[in-house]
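Chemist: Sharing a structure with you now.
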Amino acid sequence: MRQRTDAEDTAQQEPPLANVCRQNYGAPQDPVEPAGLRSAGHVTGSSLGKAEVACGSRRRWAELVPESSWSPAVGASKMKVKMLSRNPDNYVRETKLDLQRVPRNYDPTLHPFEVPREYVRALNATKLERVFAKPFLASLDGHRDGVNCLAKHPKNLATVLSGACDGEVRIWNLTQRNCIRTIQAHEGFVRGICTRFCGTSFFTVGDDKTVKQWKMDGPGYGEEEEPLHTILGKTVYTGIDHHWKEAVFATCGQQVDIWDEQRTNPICSMTWGFDSISSVKFNPVETFLLGSCASDRNIVLYDMRQATPLKKVILDMRTNTICWNPMEAFIFTAANEDYNLYTFDMRALDTPVMVHMDHVSAVLDVDYSPTGKEFVSASFDKSIRIFPVDKSRSREVYHTKRMQHVICVKWTSDSKYIMCGSDEMNIRLWKANASEKLGVLTSREKAAKDYNQKLKEKFQHYPHIKRIARHRHLPKSIYSQIQEQRIMKEARRRKEVNRIKHSKPGSVPIVSEKKKHIVAVVK
């Protein structure tokens, strides 16, 4: 009979699982609690691999381990597996034309020259902004006399109305850049034009003492062009504006008249003084308020509910027109003959909120952006300027060689474009932001634009960047007038300083620039 060897005795004493583990690791293991599942902590990748090598699949465990010593529920409750997760959006390109996405470490210690690099980028962005500043878009020609007034369609961005000095009214399509309708509305000047708040009709006033209401849509086939209503007044009307929510409009001339659309006589008439009134405007926020400016240098505010004037402010020179801020109910801006614009708070008319100075001739018209942050002004000096509400100097000036005295100006309802009408019978379309790229922008273009804008804001006060951003080419006539006015202003300042220096202390009052041009406030 053959004798057993030592290896066979050892195999008989140890369970099968221990045999397997001994072959792999060189030491017997406890079959009831395998090494990979002994602790309640998580299993690393290497230990999990060893357990698989040592023990095989779950089927192999079932063969090797008794049923009483292992249950899936107990094993699952003790196992924790950590997994790595990566979002493909962070490293996969959208298309093959995009740049490869590279993960970056933004630790500032790894980028010691970050500010100098950003300064160079801001400088390049400022230079490129001036290189791509091409604001002029189109010229709409067709009028046979100077353009005297403009109006926007309240519902359609592409529709614009214009009135000329020969009594002609034209309706334009800005998308196609052509005239879609022509009306011989009045004899003589078209003094004012406005649209109804719903956009179905518009009103015109002229030198022939009439107020006419017209359909926005043209006449049908075979029909003649006739107004819906005609009101014959006693005096010449110089301006008109429609209420923002109701079927009421206001006209101005010898007095301010409030009209109902269904009546031929005014609901009420308001006046304060005896001079003719050149402009009247409804407040777009507090719609029962309206303001007017007269040739006796007054700006008068009215309350339509009381049918009486509220208060008036008298300036040094005549105000041509006013415009209310569409976002702030109490703020309005007046375009004055003294080359300045004055922004007032109607609650404190004795001091303007801001005096805007850059024009070198009378300011004839003003209109606010729909955002209420900026406004555009038209001047007799053959230029238009864009002013921030809180700045005394303009951020942009537009001019062309052919453009003559600018009579009227409007800012479109999408806040992207500006229209102006001038003496040489043209309506010009401009970009509100001179260097803005039109059309659809890709996500990378938007990101680059926002990044450059933030860089320009961060370094805007650095001398080199500030000089490039502020520089504008001007016509020789405007440039020479600016130099002349600068000399005159310095002479007046020097004379005032000398008068104070050689007078008894306190005898010569020091008046701020804001209060210099206000004569009185009457309530």
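The values are calculated or read from the model by the stated rules, or taken from the named source; none is laboratory data. Keep in mind the model is a prediction, meaning the values are calculated, not measured. All Cβ positions, glycine included, derive from the backbone under ideal geometry; neighbour counts span all protein chains shown. Ligands, DNA and RNA are stripped out before the accessible areas are found, and what is left, the full protein with its side chains, is counted by its heavy atoms. Shrake-Rupley method; radii C 1.70, N 1.55, O 1.52, S 1.80 Å.
Chemist: Among 456, 516, 466, 504, which is outside the structural domain of residue 341 (by the TED database), assigned to a helix (DSSP H, G or I) and either under 30 Å from residue 162 (Cβ atoms) or open to solvent by 70 Å² or more (accessible area, probe 1.4 Å) (or both)?
Modeler: 466
Chemist: Report the residue count in the range 377-402 for those that are open to solvent by less than 40 Å² (accessible area, probe 1.4 Å) and of a type in the set (D, E, K, R).
Modeler: 3
Chemist: Where in the range 317-412 are the strands (runs of 3 or more DSSP E), entirely inside, with at least 2 residues that are among the small types (Gly, Ala, Ser) and under 28 Å from residue 133 (Cα atoms)?
Modeler: Qualifying strands (runs of 3 or more DSSP E): 374-379.
Chemist: Looking at 241, 207 in this structure, which one is of a type in the set (D, E, K, R) and modelled with pLDDT of 95 or more?
Modeler: Answer to the check: 241.
Chemist: Among the numbered conditions (1) over 21 Å from residue 163 (Cβ atoms); (2) over 38 Å from the mean Cα position of the chain (by Cα), tell me where residue 246 comes up short.
Modeler: Tallying (1) over 21 Å from residue 163 (Cβ atoms); (2) over 38 Å from the mean Cα position of the chain (by Cα), residue 246 fails exactly one: (2).
Chemist: Follow-up. Based on this model, can you work out whether residue 489 counts as open to solvent by 80 Å² or more (accessible area, probe 1.4 Å) and either of a type in the set (A, V, I, L, M, F, W, C) or in the same structural domain as residue 174 (by the TED database) (or both)?
Modeler: no
Chemist: Can you find, within the range 472-523, the residue that is modelled with the lowest pLDDT among those that are of a type in the set (Val, Ile, Thr) and closer than 27 Å to residue 383 by Cα?
Modeler: 518
Chemist: Sticking with this one: Going by the structure shown, is residue 263 touching a residue at least 12 places away in the same chain (Cβ under 8 Å) and open to solvent by 60 Å² or more (accessible area, probe 1.4 Å)?
Modeler: no
Chemist: So, one more: Filter the range 214-260 down to the residues that are under 29 Å from residue 320 (Cβ atoms), open to solvent by 60 Å² or more (accessible area, probe 1.4 Å) and aliphatic (A, V, I, L, M) and list them by number.
Modeler: 232
Chemist: Can you tell me which residues in the range 403-412 are open to solvent by less than 10 Å² (accessible area, probe 1.4 Å) and touching a Cys at 6+ places or on another chain (Cβ under 9 Å)?
Modeler: 403, 406, 408, 409
Chemist: May I pose another question? Here's a check for you: in the range 80-97, which residue that is at pLDDT below 85 and of a type in the set (A, V, I, L, M) is nearest to residue 444 (Cα to Cα)?
Modeler: Going through the qualifying residues, I end up with 97.
Chemist: Can you name the number of the only condition in (1) part of a strand (DSSP E or B); (2) of a type outside the set (Asp, Glu); (3) surrounded by fewer than 21 Cβ atoms within 10 Å (Cβ to Cβ) that residue 415 fails?
Modeler: (1)
Chemist: Quick check on my filter: what residues within the range 306-342 are among the aliphatic types (A, V, I, L, M), in contact with a Leu (Cβ under 9 Å, 6 or more places away or on another chain) and open to solvent by 10 Å² or more (accessible area, probe 1.4 Å)?
Modeler: 310, 329
Chemist: Let me ask something else about it. Residue by residue through the range 201-230, note down the ones that are touching a Gly at 6+ places or on another chain (Cβ under 9 Å) and part of a strand (DSSP E or B).
Modeler: If the condition is that a residue be touching a Gly at 6+ places or on another chain (Cβ under 9 Å) and part of a strand (DSSP E or B), then 203, 204, 205, 206, 210, 211, 212 are the ones that fit.
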